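Data block below; observations after.
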Amino acid sequence: MKNQHLDHENRPIKYGVTTADMEALRQRHFENVHDRQAASGLNLLRAIALGQALKRAGEG
């Protein structure tokens, strides 16, 4: 006998993503991209400062 999933207890459970959920995921993705770019820029500035400090330390 086939299971037609007509009984409430054994029905398939669907966890679909709503449009509001998708919009929240997109927004979070863009915020994460922005944070990673800011951190990358800050790391570049720190690397430049470290290079200058090492250059000064090597000269003196």
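Points to keep in mind about this one:
- Only one of the listed residues (GLY41, GLY51, GLY58, GLY16) is surrounded by fewer than 10 Cβ atoms within 10 Å (Cβ to Cβ), part of a helix (DSSP H, G or I) and out of contact with any Pro (no Cβ under 9 Å at 6 or more places or on another chain). That residue is GLY58.
- Against the numbered list (1) modelled with pLDDT of 95 or more; (2) open to solvent by less than 100 Å² (accessible area, probe 1.4 Å), ARG46 comes up short only at (2).
- Given (1) under 28 Å from the mean Cα position of the chain (by Cα); (2) assigned to a loop (DSSP other than H, G, I, E, B), index of the condition LYS2 fails: (1)
The values are calculated or read from the model by the stated rules, or taken from the named source; none is laboratory data. The structure presented is a predicted model; accordingly, all values stated were derived computationally and were not measured. Neighbour counts are summed over all protein chains in view; Cβ atoms, including those assigned to glycine, are modelled from backbone coordinates with ideal geometry. Calculation scope for accessible area: heavy atoms of the full protein, side chains included, ligands and nucleic acids excluded. Shrake-Rupley method; radii C 1.70, N 1.55, O 1.52, S 1.80 Å.
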